[in-house]
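Okay, so here's the structure we're looking at.
The values are calculated or read from the model by the stated rules, or taken from the named source; none is laboratory data. Predicted model, so just to flag it, every value in this text is computed and none were measured. Here the Cβ positions follow ideal geometry from the backbone for every residue, glycine too, while neighbour counts run over all protein chains shown.
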Amino acid sequence: MGGSTRLRKIGNIALRTAVLFHLAAIFSWSLPKPPSHLKIGLARHSEEEAVRSFSAYLLFWNELYIKPRFFEDYLRITGFQQNWNMFAPNPIREDIWIEGRVRLASGKQEIYSFPRNAQLSLWQQILQERFKKYLDTAQEETSGIVWPSMADYIARKVYKNDGDLPVFVELIRHSRVVALPNEEQVEEYDSFKFFETPILPERITIGS
Amino acid sequence: MIKASVRPFSLFSRWLFASGAPETLALMRILFCSLGFLTVLYQFPYLEDFYTERGLMPVEALKLWQWKGWTPAFINYWSLSSIQIVWAATVGAGLLATLGLFSRVSLALFVLGLTALQNRAPLLLNSGDTLLRVNLIYLLLSQCGAALSLDSYLRRRKGLPPITSVPLWPQRVMQIQIAILYLSATWYKFQGELWREGLVTWAVFRLEELRRFEPPAFLLTETASKITTWSTLVIELALCTLVWFKPYRNLVILSGVLLHVGISVILNIPFFSWITMSCYASFYSGEEVRAFLAPLLNRLRASERCGKAQTISTEVSR
């Protein structure tokens, strides 16, 4: 067997192994998370419960052992990380929009509202859709760590370079749940202040 | 017993690593690169808001948000003017990759730019962005510039023979990828009460912050909600199962197209549906794509021949 033939054969085997590994990785990674009562942490105590259902056990085992041990680093580093739970298990059935109430050094108050889909033209809806996607994730409690940057951003947007610096920002979440059939639809939005922070002057001018 | 299990594996392996006509991969290059080009292009007015330290997501906040990110993460902390250069280079590379000029290099630069931008602003990403990134990486590993490209045109002009056979494993992986997507999506959905009760579109069509406009009244009834919600589940299930069987393939893909056109018209999720529908091309062979595009390609070649003939006759008359 010639050297080049042997090299080609080794290359073929390596390619086949890599492709099969990749397929196993994306399959394992895309499997849904186990039912919430079997979540990690509780899992060790509820293995018996998990075994009751084969699919729940499969998901539980995949989530706890297979994904982190074999595939997580590979998928993260290569950019193949993926998640396909669009509109699932249940879609959000709440209309949400966010605004910032900004107090200026002079005592005046300004309101900054993020783009609201319902008030935009079709063209602007497309252009500004990324703000909605950002807010969908950022307003969640698990994303609380990004709220100070959201407040800083609003302060910078409101500041008119006239020396009247924003000194305090409150983030307000307006929401309305869509009623299901046979439920009464509440038309008014519920408003809730979910974060407030003083604004440091250096945060206004950062990066400018 | 061993033989019985080895045979399906060897058949699968032969299918996965076969070679064939490059037209499907080329069509997917055009679809994904043009959509990717648009997803980057329309963000120009908001580069500062999304990708700089003055924007919504400073790098330190993302780190605290436990964003691990993927490779490459090189545009962290960059100024607006540097981000604008990355944006321009990515848009340019996307355009070249769509046209298939210097396909390998332009696609590599496009993937690099697009993934770097996605990596810098993870809170902006939807499933369409993930699907786009993943498929562009698959295309990068393929010979997707071998047909329907300026590269193949230039090759013909030089008198070189066209490339008629390429390794198909990237196309096969894209097929399996989209089937896994639908399997996962359907599985997740079966866990949800609203899906099981047929009330998903009832809720979603009423979300003013998600829909483009108010759907017609007949779509807002409970019966319509049950029909549209459950048919979504059936179509998604078919897109990971029946789509593999040729007699059902066209019907299943047509249903998927109708589903995604519906989503795209009613809901404001730009590009997601179009990116998903682009994946369906992977279920067709290069020969089928070539036959489908034949009228268009023949017309292009005829006008090319006509142009050549005109040039020759002008030179002769001189």
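Observations on the structure shown:
- Taken over the range B:64-91, residues that are more than 10 Å from every other protein chain (Cβ to nearest Cβ) and free of Cβ contacts under 8 Å to residues at least 12 places away in the same chain amount to 4.
- Helices (runs of 4 or more DSSP H) fully within the range A:112-175 counting 2 or more residues that are of a type in the set (D, E, K, R): A:129-138, A:147-158
- If you go through the range A:84-96 and keep only what is more than 7 Å from chain B (Cβ to nearest Cβ) and under 15 Å from the mean Cα position of the chain (by Cα), you end up with just A:ILE92.
- Residue satisfying condition, being of a type in the set (Phe, Trp, Tyr), under 28 Å from A:PRO35 (Cα atoms) and either within 8 Å of another protein chain (Cβ to nearest Cβ) or in contact (Cβ under 8 Å) with a residue 40 or more places away in the chain (or both), within set B:TRP187, B:TRP230: B:TRP187
- Any hit, the range B:255-271, residues being among the aromatic types (Phe, Trp, Tyr) and not in a helix (DSSP H, G or I): yes
- Here A:ARG176 fulfils each of the conditions (1) in contact with a strand residue (DSSP E or B) (Cβ under 8 Å, 6 or more places away or on another chain); (2) within 13 Å of another protein chain (Cβ to nearest Cβ); (3) farther than 19 Å from A:TRP97 by Cβ; (4) modelled with pLDDT of 95 or more apart from (3).
- Boolean, B:ALA61 is farther than 16 Å from B:TYR138 by Cβ and without any contact (Cβ under 8 Å) to a residue 24 or more places away in the chain: yes
- Answer from B:ALA97, B:ALA116 - the residue that is of a type outside the set (Val, Ile, Thr) and farther than 24 Å from A:GLU72 by Cα: B:ALA97
- Among the residues of the range B:12-47, those that are more than 14 Å from chain A (Cβ to nearest Cβ) and more than 30 Å from A:TRP123 (Cβ to Cβ) comprise B:GLY20, B:ALA21, B:PRO22, B:GLU23, B:THR24, B:LEU25, B:ALA26.
- Hits in the range A:146-173 - residues which are within 11 Å of another protein chain (Cβ to nearest Cβ) and of a type in the set (Phe, Trp, Tyr): A:TRP147, A:TYR153
- Elements of type helices (runs of 4 or more DSSP H) in the range B:100-214, at least 1 residues being among the β-branched types (Val, Ile, Thr): B:103-120, B:127-140, B:169-190, B:200-204
- Residue match in the range B:212-223 (condition: of a type in the set (Gly, Ala, Ser), under 27 Å from B:VAL252 (Cα atoms) and out of contact with any Leu (no Cβ under 8 Å at 6 or more places or on another chain)): no
- Residue pairs whose Cβ atoms lie under 7 Å apart, separated by 6 or more positions or on different chains, with the first residue in the range B:161-172 and among the aromatic types (Phe, Trp, Tyr) and the second modelled with pLDDT of 95 or more, are B:TRP169/A:VAL19; B:TRP169/B:LEU16; B:TRP169/B:PHE17.
- Which listed residue, of A:SER113, A:SER143, is among the hydroxyl-bearing types (Ser, Thr, Tyr), facing chain B (nearest Cβ under 9 Å) and more than 30 Å from B:SER225 (Cα to Cα): A:SER143
Yes or no, residue by residue, for (1) more than 9 Å from chain A (Cβ to nearest Cβ); (2) in contact with a Phe, Trp or Tyr (Cβ under 6 Å, 6 or more places away or on another chain); (3) of a type outside the set (S, T, N, Q):
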{"position": "B:ARG120", "(1), (2), (3)": "yes, yes, yes"}
{"position": "B:ASN135", "(1), (2), (3)": "yes, yes, no"}
{"position": "B:ARG156", "(1), (2), (3)": "yes, no, yes"}
{"position": "B:GLN177", "(1), (2), (3)": "no, no, no"}
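- Breaking point among (1) within 12 Å of chain B (Cβ to nearest Cβ); (2) in contact with a helix residue (DSSP H, G or I) (Cβ under 7 Å, 6 or more places away or on another chain), for A:PHE195: (1)
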